[in-house]
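The values are calculated or read from the model by the stated rules, or taken from the named source; none is laboratory data. Computed from a prediction, not measured in an experiment: that's the story for all the values here. As a convention, Cβ positions derive from the backbone with ideal geometry for all residues, glycine included, and neighbour counts pool all protein chains shown. Ligands, DNA and RNA are excluded from the accessible area calculation, which covers all protein heavy atoms including side chains. Shrake-Rupley method; radii C 1.70, N 1.55, O 1.52, S 1.80 Å.
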Amino acid sequence: MGEYRRRGRPAGRSGPRPGSKPGAGAPEAGKRPGNRSKVDPSRLAAFDVLKAVRVEDAYANLVLPNVLEKHDLNGRDAAFATELAAGAIRWQGLYDAIIDANLDKPRLEAKVRDVLRLGVHQLLAMRVPDHAAIATSVELTRDRVGTGPTGLVNAVLRKVAAHGMGAWIGQVAPDPARDLTGHLAVATSHPRWVVQRLADALEGHGRSRDEVADLLAADNVSPKVTLVARPGLVEVDELVEAGAEATGRSPYALTWGGGDLSEVPALVQGRAGVQDEGSQRVALAVDEAVVEGRDELWLDLCAGPGGKTALLASLAARRGAKVVANEAQHHRAKLVARGVRAAGAGMAGVLTGDGTQPAWAPGTFDRVLVDAPCSGLGALRRRPESRWRRTEKDVLELVDLQKALLRNALDAVRPGGVVVYATCSPVLEETSGVVEAILAERDDVTEESRFQLWPHTDASDAMFTAVLRRS
């Protein structure tokens with residue numbers, strides 16, 4: 001799972017939150033009803049994605065397919081809209097500083113700021129001619145906001161176009177010699193507290209704090225689509241023939257160079273899936289741990305949305321074992337059931353239940369995975385909006401839940417069995433802090449291994465994994 005959910009708001013949803021305004025990116029009320037827009041569909045789609053993220057608290061990567069379909073976009077037009085939306089969200093910290101530096105008054109209507117973020121991204125990060133980026137932004141303002149702010153948008157973007165990205169960073173970011181953290185925060189478009197926590201995490205996991213610039217830069221690179229060939233259900237060669245390329249790091253991981261994934265039979269049938277290589281390494285850690293004696297029943301304690309469960313079930317089936325998948329939220333449990341539809345031989349069932357109040361007897365399982373809810377600061381490549389939503393308070397609130405889940409996982413495993421604790425965050429409080437706190441309070445648990453992956457060195461999400469054994 002590895003994705004923190006705000007109370008009452010499910011993570012991983014593709015639609016609006018309950019009670020929110022309907023219609024992501026629908027034309028504004030009163031905006032030229034019945035008239036045909038003069039703005040190209042790609043820029044309209046990008047604006048609609050930013051609006052859905054801002055107004056409906058949506059995740060860009062999940063709302064994007066519906067928006068592209070709504071505007072009938074594919075091929076190069078869809079790629080343009082995707083890059084425009086994702087880039088504007090990813091770089092909004094820097095872009096806002098540049099926009100503010102060119103305003104006479106500090107306040108700006110949110111819809112106008114969205115248009116300006118899109119315009120700045122075209123000017124500074126995409127190969128769009130200045131005149132086209134400015135003219136289309138003015139027209140987008142007229143279409144989606146009204147004629148009032150068109151002059152302001154035109155003036156701000158003309159000022160922005162006078163300099164390149166490097167020059168603007170030099171103007172709006174703090175001097176690195178006096179405030180390196182502040183400089184990196186603006187220059188790489190991350191909140192200052194996130195820069196600090198990631199630097200602390202690098203040092204705490206045995207690396208140099210000097211790597212933080214490379215780590216932040218890696219967060220701003222769109223990751224390749226990674227596939228998993230679920231063992232026993234599909235051979236890697238079948239996906240290679242479909243156009244994928246084996247990574248060579250995991251026996252089941254392949255990168256997808258492009259094309260319509262819905263036309264790959266193995267994915268449609270659930271024999272393969274889209275899964276970051278870091279998540280695959282977590283499932284492999286569960287499978288590769290040595291267990292003496294009985295090895296029949298495994299538990300995935302926080303299973304939603306089900307990607308790791310599907311790989312675990314494939315691995316368990318090869319040993320003659322079965323997996324119980326538990327997920328706290330019913331709609332996510334349904335996603336798990338759909339995700340494991342091809343792995344029937346390795347599945348014992350899918351439960352909806354609170355992992356801190358288990359519905360099974362102590363010592364029931366031989367292997368347990370706790371992929372705990374976390375801040376998600378290790379997956380900022382794939383969810384660019386997350387860096388603007390999370391707070392330090394979120395992290396502190398999650399630690400108690402993470403400890404409670406790990407305690408119950410250790411109670412659920414039999415003596416001699418293993419528990420794998422994982423998060424998609426490298427933040428110390430959520431990773432080594434949780435493991436060491438539990439080790440300090442129990443004398444029946446030993447740690448056998450741990451690893452921390454990084455986007456800038458491992459080409460994966462920053463997954464943390466610790467393997468614990470109950471004596």
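Of all residues in region 361-377, count the ones that are over 20 Å from V286 (Cα atoms) and open to solvent by less than 40 Å² (accessible area, probe 1.4 Å).
Selection size over region 361-377: 3.
Report the residue count in region 198-231 for those that are among the charged types (D, E, K, R), closer than 14 Å to A379 by Cα and either assigned to a helix (DSSP H, G or I) or open to solvent by less than 50 Å² (accessible area, probe 1.4 Å) (or both).
Number satisfying all stated conditions: 1.
Cβ-Cβ under 8 Å, sequence separation 6+ or interchain: first residue in region 423-443 and part of a helix (DSSP H, G or I), partner surrounded by fewer than 24 Cβ atoms within 10 Å (Cβ to Cβ) and modelled with pLDDT under 95. Which pairs?
Going by the 8 Å Cβ cut-off, the qualifying pairs are E429/V395; E429/L396; E430/V395.
Scanning for something under 29 Å from I89 (Cα atoms), open to solvent by less than 10 Å² (accessible area, probe 1.4 Å) and not in a helix (DSSP H, G or I), does region 314-333 turn up at least one residue?
No, that holds for no residue.
Could you check how many residues of region 72-91 are in contact (Cβ under 8 Å) with a residue 60 or more places away in the chain and touching a Leu at 6+ places or on another chain (Cβ under 9 Å)?
Qualifying residue count for the region: 4.
From (1) in a helix (DSSP H, G or I); (2) open to solvent by 40 Å² or more (accessible area, probe 1.4 Å), pick out the condition that doesn't hold for P176.
Failed condition: (1).
With respect to Q122, is the statement that it is of a type outside the set (K, R), modelled with pLDDT of 95 or more and crowded, with 18+ Cβ neighbours inside 10 Å true?
The answer is yes for Q122.
Is it the case that region 162-172 has a residue that's over 25 Å from D104 (Cβ atoms) and either outside any helix (DSSP H, G or I) or in contact with a Pro (Cβ under 6 Å, 6 or more places away or on another chain) (or both)?
There is no residue in region 162-172 that is over 25 Å from D104 (Cβ atoms) and either outside any helix (DSSP H, G or I) or in contact with a Pro (Cβ under 6 Å, 6 or more places away or on another chain) (or both).
Could you list all residues from region 335-360 that are open to solvent by 60 Å² or more (accessible area, probe 1.4 Å), in contact with a Gly (Cβ under 9 Å, 6 or more places away or on another chain) and either of a type in the set (S, T, Y) or not in a loop (DSSP other than H, G, I, E, B) (or both)?
Across region 335-360, the qualifying residues are L335, R338, A345.
Which one is modelled with the lowest pLDDT, of the residues in region 41-70 that are buried (at least 20 other Cβ atoms within 10 Å of the Cβ) and of a type outside the set (A, V, I, L, M)?
Per the criteria, the residue is Y59.
May I ask you to list the residues in region 259-289 that are open to solvent by 50 Å² or more (accessible area, probe 1.4 Å), touching a residue at least 24 places away in the same chain (Cβ under 8 Å) and hydrophobic (A, V, I, L, M, F, W, C)?
V274 - this is the single residue of region 259-289 that is open to solvent by 50 Å² or more (accessible area, probe 1.4 Å), touching a residue at least 24 places away in the same chain (Cβ under 8 Å) and hydrophobic (A, V, I, L, M, F, W, C).
Just to be sure before I move on: is R381 crowded, with 18+ Cβ neighbours inside 10 Å, outside any strand (DSSP E or B) and in contact with a His (Cβ under 8 Å, 6 or more places away or on another chain) in the structure I sent?
Considered against the rule, which asks whether it is crowded, with 18+ Cβ neighbours inside 10 Å, outside any strand (DSSP E or B) and in contact with a His (Cβ under 8 Å, 6 or more places away or on another chain), R381 comes out as no.
Cβ contacts < 9 Å: first residue farther than 18 Å from G306 by Cβ and small (G, A, S), restricted to region 371-390; second residue assigned to a helix (DSSP H, G or I) and open to solvent by 10 Å² or more (accessible area, probe 1.4 Å), any location; separation 6+ or different chain. Result?
S375/R197; S375/D394; G378/P455
Let me confirm something: among V186, V153, which residue is under 28 Å from A46 (Cα atoms), in contact with a Gly (Cβ under 8 Å, 6 or more places away or on another chain), assigned to a helix (DSSP H, G or I) and open to solvent by 20 Å² or more (accessible area, probe 1.4 Å)?
Within the list V186, V153, the selection yields V186.
Within region 75-97, does at least one residue satisfy the condition of being over 30 Å from P174 (Cα atoms), over 17 Å from the mean Cα position of the chain (by Cα) and among the acidic types (D, E)?
The answer is yes; a qualifying residue exists.
Within region 174-186, is even one residue among the polar types (S, T, N, Q), farther than 15 Å from L123 by Cβ and out of contact with any Pro (no Cβ under 9 Å at 6 or more places or on another chain)?
There is no residue in region 174-186 that is among the polar types (S, T, N, Q), farther than 15 Å from L123 by Cβ and out of contact with any Pro (no Cβ under 9 Å at 6 or more places or on another chain).
So which residues in region 125-150 are polar (S, T, N, Q), open to solvent by less than 30 Å² (accessible area, probe 1.4 Å) and in contact with a Lys or Arg (Cβ under 6 Å, 6 or more places away or on another chain), if there are any at all?
Across region 125-150, the qualifying residue is only T150.
Based on what the data block shows, is E235 at pLDDT 95 or above and either more than 23 Å from R381 (Cα to Cα) or not hydroxyl-bearing (S, T, Y) (or both)?
yes
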